[in-house]
Amino acid sequence: MSQLHANVDRLERENLELRQQAGYWKSRHRDTLQRVSALAQQVEQLEGEKRQLQADRFGRRSEARPGNDRSNDLEDPQDDSQTPERNRGQQPGNPGPKRRDYSHLPVREEFVELPPEQSVCPCCGLPLRQLSDTEDSEQIESEVSAYRRVIHRRRYRRTCPCDGPITLTAPLPPKLIPKGRYGISVWVEILLDKDFSYRPTERLLASWRLWGLDLAPGTVTDGLEQLEVLLRPIDEALKTRNSQGELHQGDETRWRVFLALEGKQGSGWWLWVVLGPDTVIYRLDASRSHTVPESHFRAESRGVLVVDRSAAYKAMSWVQDGVLVLAFCWAHVRRDFIRVGKGWPELKTWALEWLRRIRVLYRLNDRRLAAPKDAAAFGEADGRLRQAVAAMKTEMATELARADLATPCRKALESLQEHWGGRTRFVDDPRIPMDNNASERRARGPAVARKNFYGSGSLWSGRLAAALFSIFATLSLWKLNARKWLTWYFEHCAMAGGKVPEEIQPFLPWNLDAGKRSELGERGLAEGDDTS
């Protein structure tokens, strides 16, 4: 009997040990499953991020898209706007482009005569009689030439016995750069080629050498440094004017300045763009912090600034104090959902649905803007827009309340919810655009320049580039010819002895009278002209 009790005790101990081991291994198995699940989610997240990075690095970056692609390479099976692929260029059935008018160009007439052997009758040999009329045609030619402007200053001798010098000499013509050898036309061409056409100056000098003009690069560099001083007051006037507007768009792009600064590593600087109602300004700074846009605006500045979600704009003191109000760009929201659709194929349907909602907002807002503000059509379009915005907000809250919402989807919607107030400012104020695409387009030219000649080799060179970007962009807004304006301004600088004129207000675009504006106006493409 005692042996039986001993066996029972042993079996109970073994059973307890086995239970403990079973519990231990069950917990380990449960931990392993949780770890596997977490790793699977992490792998899924990393795979999605990898697809996003591949799309960013190797995919199409431009958001300009044909009519049959409304989701940036995300094929939408429910999109009924698909159109068949068409050939490039003029389309059959469409009206042809207007013929361009070149009557403003100077004319060089040429008369073409018959060769002597053809100016007689082939039958009898009698001469042909020349008629008074001609059969006319024309073709456009371009001519680039350099020449030496040899100045002969007349000298005069007195014919009277009065006191003073006996011999007098005519004064020197005004020079833009005192003691400089290059004239205004040379400097205007250099500035336009680099900061309007975004080409390296060395390419221009190389092309001039083909025409027999060999300029010293060092002399050109020294001259540009002196021109920066002449253009600085114009740049400051543009910045002052820009800060006074009530509606702005902001953006920034990279710019390189190959200059060693204490406390800064590398050559990466930032070119800030602020688009105002009638000016565009560029500010070059080593920092991407809030101090840069903050220093541009002033205490008396008021209005709305349309920007992306950069923390620099949110941290501005003018925004914190309510002096400036931020409106956030819907194009950046759209990109969030595009990234979700490209990064996680299983979420593409969800992303496309939100892209369709955003597309509807754009369409409804366009219809509202196209309707006369005093007509019933405007009220109807405005009501439909507000209904769509309210429906989107409800859908956003509903989806965020779901516990099973995928992490990429939740991140995109949380960002939309966080910036919802700034996103919807355009609803109450139709003047506010839905995106800051206009300011982004203004940054494309400098981005091309950065790729062509990397940036600036010194601080003064960077300031000159930013000033010229501002001047040329503002002249474009006013439809003024940059070559004509720059020549006009430099001529007055030359008359001032190579210095800034005492009064620069007459040179600012908004101060020009109608006659001067017409004289400096650009002869560009007429509205609707084909540019293909």
Somewhere in the range 92-99, is a residue within 30 Å of E141 (Cα to Cα) and either at pLDDT 85 or above or assigned by TED's automatic domain parsing to the domain that holds V360 (or both)?
-> no
Is it fair to say A447 is in contact (Cβ under 8 Å) with a residue 24 or more places away in the chain, under 21 Å from V274 (Cβ atoms) and either among the hydrophobic types (A, V, I, L, M, F, W, C) or assigned to a helix (DSSP H, G or I) (or both)?
-> yes
Please indicate, with yes or no, whether at least one residue in the range 509-518 is of a type in the set (A, V, I, L, M, F, W, C), outside the structural domain of K194 (by TED's automatic domain parsing) and assigned to a helix (DSSP H, G or I).
-> yes
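Out of curiosity, is A170 among the aliphatic types (A, V, I, L, M) and out of contact with any Lys or Arg (no Cβ under 9 Å at 6 or more places or on another chain)? Explain how you work it out, then say what you get.
Details: among the aliphatic types (A, V, I, L, M): yes; out of contact with any Lys or Arg (no Cβ under 9 Å at 6 or more places or on another chain): no.
Spelling it out, it is not the case that A170 is among the aliphatic types (A, V, I, L, M) and out of contact with any Lys or Arg (no Cβ under 9 Å at 6 or more places or on another chain).
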Kindly indicate the residue of the range 469-516 that is among the basic types (K, R) and touching a helix residue (DSSP H, G or I) at 6+ places or on another chain (Cβ under 7 Å) and also surrounded by the most Cβ atoms within 10 Å (Cβ to Cβ) among those meeting that condition.
-> R483
Yes/no for L385 being in contact (Cβ under 8 Å) with a residue 24 or more places away in the chain and in a helix (DSSP H, G or I) = yes
Where residues in the range 276-307 are among the basic types (K, R) and either under 28 Å from F196 (Cα atoms) or out of contact with any helix residue (DSSP H, G or I) (no Cβ under 8 Å at 6 or more places or on another chain) (or both), which of them is surrounded by the most Cβ atoms within 10 Å (Cβ to Cβ)?
-> R283
If you take the residues of the range 155-180 that are within 30 Å of Q226 (Cβ to Cβ) and among the charged types (D, E, K, R), which of them is modelled with the highest pLDDT?
-> K175
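Among the residues of the range 495-509, count how many are among the hydrophobic types (A, V, I, L, M, F, W, C) and touching a Pro at 6+ places or on another chain (Cβ under 6 Å).
So the count comes out to 3.
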Across (1) surrounded by fewer than 18 Cβ atoms within 10 Å (Cβ to Cβ); (2) in the same structural domain as G266 (by TED's automatic domain parsing), L464 clears everything bar (1)
With (1) surrounded by 10 or more Cβ atoms within 10 Å (Cβ to Cβ); (2) farther than 26 Å from P217 by Cβ as the list, and P171 as the residue in question, which single condition is left unmet?
-> (1)
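May I ask you to list the residues in the range 475-491 that are charged (D, E, K, R) and either under 12 Å from E522 (Cβ atoms) or in the same structural domain as A237 (by TED's automatic domain parsing) (or both)?
Once the filter is applied, which keeps residues that are charged (D, E, K, R) and either under 12 Å from E522 (Cβ atoms) or in the same structural domain as A237 (by TED's automatic domain parsing) (or both), the range 475-491 yields K479, R483, K484.
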Need at least 1 residues that are closer than 22 Å to R148 by Cβ and of a type in the set (K, R) per element, so show me which helices (runs of 4 or more DSSP H) inside the range 162-250 make the cut, counting only ones lying wholly within it.
-> 201-210
When you scan the range 415-444, how many residues do you find that are free of Cβ contacts under 8 Å to residues at least 40 places away in the same chain and either of a type in the set (G, A, S) or not in a helix (DSSP H, G or I) (or both)?
-> 2
Report yes if L464 is touching a residue at least 24 places away in the same chain (Cβ under 8 Å), in a helix (DSSP H, G or I) and more than 30 Å from R367 (Cβ to Cβ), otherwise no.
-> yes
Across the range 113-161, the tally of residues that are in a loop (DSSP other than H, G, I, E, B), farther than 27 Å from W187 by Cα and more than 45 Å from the chain's Cα centre (by Cα) stands at 23
What are the pairs, 6+ residues apart or on separate chains, where a residue within the range 399-414 that is in contact (Cβ under 8 Å) with a residue 24 or more places away in the chain has its Cβ under 7 Å from a residue that is among the small types (G, A, S) and assigned to a helix (DSSP H, G or I)?
-> P408/G48; P408/G343
Show the residue pairs that are 6+ apart or on different chains and have beta-carbon atoms under 8 Å apart, the first residue being within the range 104-132 and closer than 30 Å to S518 by Cα, the second being surrounded by 10 or more Cβ atoms within 10 Å (Cβ to Cβ).
-> H104/R523
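The values are calculated or read from the model by the stated rules, or taken from the named source; none is laboratory data. All figures in this text were calculated on a predicted structure; none of them were measured in a lab. Every residue, glycine among them, receives a Cβ derived from its backbone with ideal geometry; neighbour counts consider all protein chains shown.
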